[in-house]
Amino acid sequence: MGKDRLPSKPNIFLLLLFILPGNTFPTTEPQYMVLLPFLIHTDSSEKVCVQLTHLNESVTLSATLEYQGENRSLIDDVVSEKDVFTCIPFSLQKSNSTSVAFLTVIVKGVTLRFRSRKSVLVKNSESLVFVQTDKPTYKPGQTVLFRIVSLDKDFYPLNEKFPLVYVQDPQRNRVYQWQGVELETGLTQLSFPLTSDPIQGSYKIVVQKSFSYHVEHSFSVKEYVLPKYEVLVKLPKMITIKEKELPVSVCGLYTYGKPVPGLVNVQVCRKFSHSTSNCYGKEAEAVCEEFTRQADAHGCVSGVVRTEIFQLQRRGYEMSIEVQGKITEDGTGTEMTGTGSCGITPIMSKISFDLLDSQYRPGIPLFGRVKLVDGTDAPIANETITVSVDGDKYKGNYTTDEQGQSWFSIDTTTFTQASLEIRADHKPELNCYDNNWITPSYEHAMRRISRFYSPSKSFLKIEPKPETLSCGSPTEIHVHYIFTPEAIGEQKKIVIYYLVMAKGGIVLADTYDLTVNPGDGYGTFQLTFPIEASVAPLARMLVYTTSPSGEVIASSADFQVEHCLPNKVRLSFVPKEGLPASNTRLQLHTSSRSLCALRAVDKSVLLMKPEDELSPSSVYDLLPLKEIRGYSFKDYYLEEDNVNPCVSLDNMLLNGFVYVPISPDGEGDAYDIFKELGLKVFTSSKIHKPEICQHYPGHMMERSYTVTAMNLLEDLDYEITEHINADSPVETVRKYFPETWIWDIVSVNSDGNADLDVTIPDTITEWKANAFCTSADSGFGLSPTVSLRAFQPFFVELTLPYSVVRGESFTLKATVFNYLAACIRVSVSLAESTHFVTTPVEKQEESYCICMNERKTVTWAVTPRSLGQVEFSVGTEALQNQQPCGNAIVETPEKGRKDTVIRQLLVEPEGTEVETTYNSVLCASENSVSEPISLVLPETVVDGSVRACFSVLGDIMGTAMQNLHQLLQMPFGCGEQNMVLFAPNIYVLDYLNKTGQLSEEVKSKAIGYLVSGYQRQLKYKHWDGSYSTFGPRYGQAGNTWLTAFVLKSFAQARPHIFIDEKHIQDALVWLTQKQKENGCFRSSGTLLNNAMKGGVNDEVTLTAYITVALLEIPLPVTVCVCTPI
């Protein structure tokens, strides 16, 4: 040491021995410790852990929770043993809101008395609710199937009751609603139909959990044709600025796994950062390279693009390259596009600390691992990395392995600094900069860690584990220790206490007896605990012991755990491949007494719009709390003050030298460990480091940079067989093409098994199936997604649009595929129909030759004659014909020789349907009576669309009364037509119900029509609450007559279907605003159907019409029309 001053980094432990003298043989003092999570959840099993050591008399231990104005006893027991460690479960009832509670712990004996009172936070447990739809996208007229699931934080089912569940359209209208939805075994299944002409866009299913909290799930409604194949673009995720070439691959695969033949166009572009000119088109937006080739036998086009054109090292461009691949299918001309992106980085290499202790304990090795990767995140092997501590305090060279990683361990015996700077270097940085050029960089890693405080220089250290722990087996944890005589004296047996926490609560706790030799108190020991769903996704471990003098020696560590679920579910198809319309078996295995929900959908549906697939990760993402750190949660901060008195330290003079003490401020202590874990500590032991009353100038006082476990976490990087069955039919007729195949709920038997015999639909595709199961005993489980391939080696497919207009010609394409191992000669025919007229586009031949892995497309020009769903039936047959295919011999398959596909196409009218009714009353007599009726057709009538019918009734009301249910009609058309058809359904329902003639079949039909008409009418609603014939899209003003009619009809429909009250109130407010001072209502907008207003058009009649509508609603007595009428 130098004279008159202390070196900048003196030995803190020597100085503290001067200030806080110790004893080689510490006195044994009775101690207690109670550990409780800072955040307690209601309706959930919580644990409070109690440790009593070195007792020399019987004591009474009590722990009382002051909660919601009541005192709840958690512990009240007499302890006579010398040493006790136990964890006691408890639970609290649900409260109105999150609130602060106080726990008072008292240890009382003849001579002992300890008391501590601290605050904790009590919060209601939140259920995990999610919605699953059978698919992400729907066509108009389809039925939306969905499930609601509720789980607790441990993934066990909750039988909740939701006050409200509703469906909201893109204009935020409620179109369907359920009240008081109850779950069984945590699950319910609901559905609702879409109208044939709904508002297209994004819909929401909303589950209202409480007044202020709800859960949403979105799905889309649009007109679409399912894609038959997908386009995959493959390229590196990242390249460096020094790369000379960029490999690109574009592939097309049918949903049943076969390659797509066709022309592939590949466009590779790098965009400019700022395009300042609009005069030069796309050339001013990006630099591009483009090529077009025919796909190879694997359906792919691969190439290597030279990067010079993209000037990777120049500024002024975006730091990415975009690739677009477009495949035009041979024969049909169908185009599909796929995209990919590749980042550009100037980083040539970078180092990160995969794992590094957040604090160091002198005498225990400092563990860490570095990882070296290039700019593309690919590991760099066999490279030297230099790890240094505080510049030259320590330097060591380490070589990376095949994963680019290297473990290091640094001896800390001689380290005394309050903080250390750990640095890892690979190559020196290039000190270059240019405005126009990008400089390659070699990044280093640096971390500052603090010293851990211990007055006896005794430590525990849990060795980190970099890998994610797998569920189903125990894990072994290595713990390093160093115990000095100042801490343990002559003890040979030391009790180690350990806890494992997850999701903010204590999951398990136990002890370990460690035997040490006096004077040799250092080494390692192993602890084990099971890895299961209860400790996922993050297991937080606490290991500690208490010395006879009262010092708490502790360590903690976090371990990433696999996202596993308590209920194990297995799903499989047997066999995994089959012919369309053949039988297969879906086998399910899970825990007994489970309720399981199954789903299987066409892969094409998922290609069109990939969904957020239900997975263990998505379920874990529902957790409102995965961990607690510290004593704060949202707006609650329950920090604690250190009640220990501060220590006043002065400079010391010894042998003429002045020694300046180093403050432990900034060091970690046992209290920091407990706090970081979110544990409240009630103890008589020493968990706080000394707090210095007076601080010295900065150059004499070292402060460490607090590095929490959060920093540590932030650095963690984490042939199809082809066959035909022997019993395959000679002819297959395929007409069942669902998008959702299986949507069912099943119960398993006592062995946990369920087998479903199912028939494969007629679609040639791959079916994606999964299942989840719930059980009160075993919890929630989810199967991996499994596939079934529906395939036959010889088949025909049709290419059709979503819809066509009657009378307009379109091209129907039929493509015959041959995946047999030989050439075949086939005939292709389109069945004739009175619903359409066909003309071959090309000269049709009697037969076509198709060899292995080839196809033939035949086209017809088709003009539909009929409206609605029109069937098209195309058949292809492998002929028993000896005529060769070139030099190849033709073979005829014994089975599956003929394939027929029947598809439906929506044919829409080319105009608007108008119906006119003429009535007359004739007085019957002995002589015949006639009455001429003039049918005047409009000039714009659509040819062929005119039809007429007549009926003669002897009883004016007889037939109507006897067949009243036949008056029910599906509403359709514009805002006026829809309401004219909507209202009679209400009247029919009311009449049949009141006369006792309403059957369940008629009721279901009528309600379906009302639901459809209600959804449709909302398309014609304006933002101000009014309605018009064609809605707000065409700039029409809201019409008074129509709005009043809608108001009355919606109000009258309320007893039968859900009608959002907001629509009634909006219309009422709008009508009220149209009232004039004299009480009359002002006419607004245009009404095309004069019959709706009785052929009159004056304000008096309008006022009477609206008055009648208001009277028929009826309005509550609290509502009034202020101006007299």
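Laboratory data are not the source of any read-out in this text; all were calculated from the coordinates shown. Note that the structure is a prediction, hence the values are computed from the model and not measured. Positions of Cβ are generated from backbone atoms using ideal geometry, with glycine treated the same way; all protein chains shown enter the neighbour counts.
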> What FRET efficiency comes out for the pair Asn56/Lys222, r = Cβ-Cβ distance, R0 = 45 Å, nearest 0.05?
Replying inline: 0.05
> Under a 5 Å amide H to amide H cut-off, with H placed in plane at 1.01 Å, what residues pair with Thr334 once short-range neighbours are removed?
Replying inline: Glu329
>> So if I take the centroid of the Cα atoms in segment 1058-1084 and the same for segment 486-545, what is the distance between those two points in Å?
In response: 73 Å
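How would you order 90-102, 762-774 from highest to lowest mean count of nearby Cβ atoms within 10 Å? Could you put the intermediate results ahead of the total?
Working: 90-102: 12.9, 762-774: 23.6.
The peptides rank, most packed first, as 762-774, 90-102.
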> Considering the alpha-carbon set of segment 73-117 alone, what are its Rg and its Dmax in angstrom?
Replying inline: 14.2, 42
> How long is the chain along each principal axis, judged by its Cα atoms, biggest number first, in Å?
Replying inline: 143, 89, 69
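Subtracting the Cα-Cα distance from 0.36 nm times the residue separation, let me have the gained length for Arg570 to Val495 in nm, one decimal.
Details: separation 75, 0.36 × 75 = 27.00 nm, distance 4.31 nm.
Extra length available between Arg570 and Val495 comes to 22.7 nm.
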>> Please report the net charge: other residues with Cβ closer than 13 Å to the Cβ of Tyr497, K and R +1, D and E -1.
In response: -3
> With θ set to phi - 60° and the Karplus curve 6.51 cos²θ - 1.76 cosθ + 1.60, what are the ³J(HN,Hα) couplings of segment 52-61 in order, to the nearest whole Hz, using x for Gly and Pro?
Replying inline: 10, 9, 6, 6, 10, 7, 6, 10, 9, 10
> What are the ³J(HN,Hα) values, in whole Hz, obtained from phi via the Karplus relation 6.51 cos²θ - 1.76 cosθ + 1.60 with θ = phi - 60°, for each residue of segment 452-469 in sequence order, with x given for Gly and Pro?
Replying inline: 9, 8, 8, x, 9, 6, 10, 9, 10, 8, 7, 6, x, 10, x, 7, 6, 6
> What distance in nm separates the simple spin-label points at Leu190 and Ala101, each placed 7 Å from Cα in the Cβ direction?
Replying inline: 3.4 nm
> Quick one: if you stick a label point 7 Å off each Cα along the C-beta vector at Asp520 and Asp197, how many nm between them?
Replying inline: 9.2 nm
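Hey, with R₀ at 60 Å, roughly what FRET efficiency would Asn881 and Ser212 work out to, going by the Cβ-Cβ distance, to 0.05? Mind showing how you got there, number by number?
Numbers: r = 74 Å, r/R0 = 1.23.
The computed FRET efficiency comes out at 0.20.
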>> For Glu910, what residues show an amide H to amide H distance below 5 Å, using hydrogens built from the backbone and excluding near sequence neighbours?
In response: Arg806
> Among bridges DSSP assigns within the chain, what percent are antiparallel (round to 5)?
Replying inline: 90 percent
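Among residues other than Ala888 whose Cβ falls under 15 Å from its Cβ, what is the net charge (Lys/Arg +1, Asp/Glu -1)? Walk me through the intermediate numbers first.
Working: positive: Arg825, Lys856; negative: Glu854, Glu891.
The answer is 0.
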> Taking H as built 1.01 Å from N, whose amide H comes closer than 5 Å to the amide H of Ile40, not counting residues under 5 places away?
Replying inline: Leu121, Val122, Lys123
>> What distance in nm separates the two pseudo spin-label positions at Glu126 and Arg293, each 7 Å out from Cα along the beta-carbon direction?
In response: 5.2 nm
> To the nearest 500 deg cm²/dmol, what mean residue ellipticity at 222 nm is calculated for the chain from DSSP H runs of n ≥ 4 alone, each contributing -39,500 (n - 2.57), summed and divided by the residues?
Replying inline: -3000 deg cm²/dmol
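Over segment 991-1099, calculate the relative contact order: mean separation of alpha carbon pairs under 8 Å at least 6 apart, over the residue count, as a percent. Write down the numbers at each step before the final one.
Values: 106 pairs, mean separation 27.5, N = 109.
RCO, segment 991-1099: 25 percent.
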> Near Lys768, which lysines are there with a Cα under 25 Å away, not counting those fewer than 8 places off in the same chain?
Replying inline: Lys135, Lys139, Lys204, Lys222, Lys228, Lys234, Lys258, Lys568, Lys576, Lys603, Lys609, Lys735
>> Counting only other residues whose beta carbon sits under 9 Å from that of Leu103, what net charge do I get with K and R as +1, D and E as -1?
In response: +2
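Please sort 671-678, 34-41 by packing, taking for each peptide the average over its residues of neighbouring beta carbons within 10 angstrom, highest first.
Values: 671-678: 21.8, 34-41: 23.6.
Result, highest mean first: 34-41, 671-678.
Rounded to the nearest 0.05, what FRET efficiency is calculated for Gln587 and Glu318 with R0 set to 45 Å and r the Cβ-Cβ distance?
On the way: r = 50 Å, r/R0 = 1.12.
Efficiency, rounded to the nearest 0.05: 0.35.
Report the number of Lys pairs in segment 794-908 whose alpha-carbons are under 16 Å apart, with separation of 8 or more residues or on distinct chains.
Numbers: Lys813/Lys843; Lys813/Lys856; Lys843/Lys856; Lys856/Lys898.
Close lysine pairs under the 16 Å cut-off: 4.
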>> Explain nothing, just compute: Karplus ³J(HN,Hα) = 6.51 cos²θ - 1.76 cosθ + 1.60, θ = phi - 60°, for every residue of segment 733-738 in order, whole Hz, x for Gly and Pro.
In response: 10, 10, 9, 10, 10, x
>> Which order do the peptides 296-302, 69-75 come out in when sorted by mean C-beta neighbours inside 10 angstrom, highest first?
In response: 296-302, 69-75
> Which length gain, in nm to one decimal place, applies between Val746 and Lys1076 when the Cα-Cα distance is subtracted from 0.36 nm times their residue separation?
Replying inline: 112.6 nm
